[in-house]
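S.K.: Once you've had a glance at the structure underneath, I'll fire off some questions.
The values are calculated or read from the model by the stated rules, or taken from the named source; none is laboratory data. The shown structure was predicted, so the numbers you read here are calculated from the model rather than taken from an experiment. Heads up, the Cβs are rebuilt from the backbone with ideal geometry, glycines too, and the neighbour counts pull from every protein chain shown. The protein model used for the area step is the full one, side chains on, heavy atoms only, and it has no ligands, DNA or RNA in it. Shrake-Rupley method; radii C 1.70, N 1.55, O 1.52, S 1.80 Å.
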Amino acid sequence: MPSDTPTPPATGPEGRRGFRRALAAGETWSLACVAFGWIAGVSLLFLLFPALDLAATRLFYDPTAGFWVSAHPFFMRLRELGPFLVKLIAGACVALVLAAAFLPDLGRRIALRPQLFLLSTLALGPGLLVNAVLKNNWGRPRPVMVEAFGGDAPYVPVWQISTYCDTNCSFVSGEGSSSFWLVSLAFLVPVAWRAGVLAAVLPLCLALSLNRVAFGGHFLSDTLLAWGLTFAVILAVRFGLYQMPGAESRARRSRESFDRLAARLRKAILRAAGAAAVAVRRFFAMFA
């Protein structure tokens with residue numbers, strides 16, 4: 001895996017290409033500016049022009065048929081693809097951690113930081129920030145609940161807490177967040193491969209996210225803000241695991257601790273299995 005040491009700012013004639021090169025290399029601070037600039041820009045846009053949200057949703061709404069896309073078989077299958085991919089990747093990460101713990105010969109060749117990076121960004125971004133904090137506490141009604149689209153609630157602007165929805169509400173998009181979480185895969189491949197990974201992931205993220213807008217499940221602003229917030233979490237976790245001073249030594253110590261704990265656990269399981277085998281043999285010996 002390539003070094004995650006931040007690239008120093010370019011100077012002289014190369015300075016004009018410094019920011020672009022930093023983005024290609026995944027330099028954290030430049031990308032953080034992009035993430036927070038995106039969040040601020042999208043928030044300001046939809047606070048100043050809330051009609052954009054309603055206009056985007058109205059593209060998929062028919063006064064007679066409602067949000068007709070939500071009943072179309074193709075788009076229903078497309079919606080299932082996002083959660084499937086997330087579960088598949090998370091399951092693969094857990095499987096690799098278990099293999100590292102219980103198959104020591106194989107486990108020595110398995111790096112644990114990539115698994116920790118993927119699982120922690122998934123838990124902290126789509127899991128904690130989006131679903132537990134925002135969706136369950138901000139109370140923004142979904143488009144299908146809004147008067148303009150057949151519901152009985154008013155349109156609520158971004159970042160405004162309301163009581164029109166109790167839980168699992170519109171702000172921000174959970175599926176938009178989890179689909180954008182797939183971008184984290186790009187940070188685990190060599191720099192030369194990142195453009196290819198992004199070329200595959202970003203169109204899929206766009207399709208999965210806009211599908212929720214077409215279903216009437218989220219406003220466009222919910223989706224766009226979910227992308228920025230998730231990206232910020234990905235960058236923060238990446239900085240902590242790979243780039244913060246002392247990250248490499250902490251990773252080595254953590255791996256040593258993991259290996260010691262796994263060895264003790266394997267021994268405990270073997271002892272328990274041996275004791276169970278002895279008990280079974282003694283039980284059947286009583287009937288011999």
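S.K.: Go through segment 166-201 and give me each residue that's of a type in the set (Asp, Glu) and under 16 Å from the mean Cα position of the chain (by Cα).
M.R.: Within segment 166-201, just Glu175 meets the criteria.
S.K.: Can Arg266 be described as open to solvent by 20 Å² or more (accessible area, probe 1.4 Å), without any contact (Cβ under 8 Å) to a residue 24 or more places away in the chain, over 13 Å from Ala32 (Cα atoms) and of a type outside the set (Ser, Thr, Tyr)?
M.R.: No: the conditions fail for Arg266.
S.K.: Could you pull out the residue among Phe60, Phe46, Phe74 that is more than 30 Å from Leu265 (Cα to Cα), part of a helix (DSSP H, G or I) and open to solvent by 50 Å² or more (accessible area, probe 1.4 Å)?
M.R.: Values: Phe60 fails: part of a helix (DSSP H, G or I); Phe46 fails: open to solvent by 50 Å² or more (accessible area, probe 1.4 Å).
Going through Phe60, Phe46, Phe74 in turn, the sole match is Phe74.
S.K.: Further question: Which of the numbered conditions does Asp222 fail, given that it passes all the others? Conditions: (1) closer than 30 Å to Met76 by Cα; (2) at pLDDT below 95; (3) charged (D, E, K, R).
M.R.: For Asp222, the exception is condition (2).
S.K.: Within segment 95-108, is there a residue that is in a helix (DSSP H, G or I), farther than 24 Å from Leu220 by Cβ, out of contact with any helix residue (DSSP H, G or I) (no Cβ under 7 Å at 6 or more places or on another chain) and open to solvent by 60 Å² or more (accessible area, probe 1.4 Å)? Even if it seems obvious, please write down each step before you answer.
M.R.: Keep residues of segment 95-108 that are in a helix (DSSP H, G or I), which gives 95-102, 104-107.
Adding the requirement that they be farther than 24 Å from Leu220 by Cβ leaves 95-102, 104-107.
This time we only want the ones that are out of contact with any helix residue (DSSP H, G or I) (no Cβ under 7 Å at 6 or more places or on another chain), so: 95, 98, 104-105.
Add one more test, that the residue is open to solvent by 60 Å² or more (accessible area, probe 1.4 Å), and what stays is 98, 105.
Within segment 95-108, one or more residues are in a helix (DSSP H, G or I), farther than 24 Å from Leu220 by Cβ, out of contact with any helix residue (DSSP H, G or I) (no Cβ under 7 Å at 6 or more places or on another chain) and open to solvent by 60 Å² or more (accessible area, probe 1.4 Å).
S.K.: Turning to a different aspect of this structure: Can you tell me which condition Val156 does not meet? The list is (1) assigned to a helix (DSSP H, G or I); (2) open to solvent by less than 30 Å² (accessible area, probe 1.4 Å), and all the others hold.
M.R.: The one condition Val156 does not meet is (1).
S.K.: Would you confirm whether or not segment 200-218 contains a residue that is β-branched (Val, Ile, Thr) and touching a residue at least 12 places away in the same chain (Cβ under 8 Å)?
M.R.: yes
S.K.: Every residue in segment 109-140 that is of a type in the set (Val, Ile, Thr) and open to solvent by 50 Å² or more (accessible area, probe 1.4 Å), please. Spell out how you get there, then give the answer.
M.R.: Initial filter on segment 109-140 (of a type in the set (Val, Ile, Thr)): 110, 121, 130, 133.
Passing the criteria: only Val133.
S.K.: Within segment 208-238, which residues are more than 16 Å from the chain's Cα centre (by Cα), assigned to a helix (DSSP H, G or I) and not hydroxyl-bearing (Ser, Thr, Tyr)? Can you show your working first?
M.R.: Let us first name the residues in segment 208-238 that are more than 16 Å from the chain's Cα centre (by Cα), namely 210-221.
Narrowing the set further to residues that are assigned to a helix (DSSP H, G or I) leaves 210-215, 220-221.
Leu210, Asn211, Arg212, Val213, Ala214, Phe215, Leu220 - these are the residues of segment 208-238 that are more than 16 Å from the chain's Cα centre (by Cα), assigned to a helix (DSSP H, G or I) and not hydroxyl-bearing (Ser, Thr, Tyr).
S.K.: With Leu23, Leu85, Leu31 as the choices, which residue is at pLDDT below 95 and open to solvent by less than 50 Å² (accessible area, probe 1.4 Å)?
M.R.: Working: Leu23 fails: open to solvent by less than 50 Å² (accessible area, probe 1.4 Å); Leu85 fails: at pLDDT below 95.
On inspection, the qualifying residue turns out to be Leu31.
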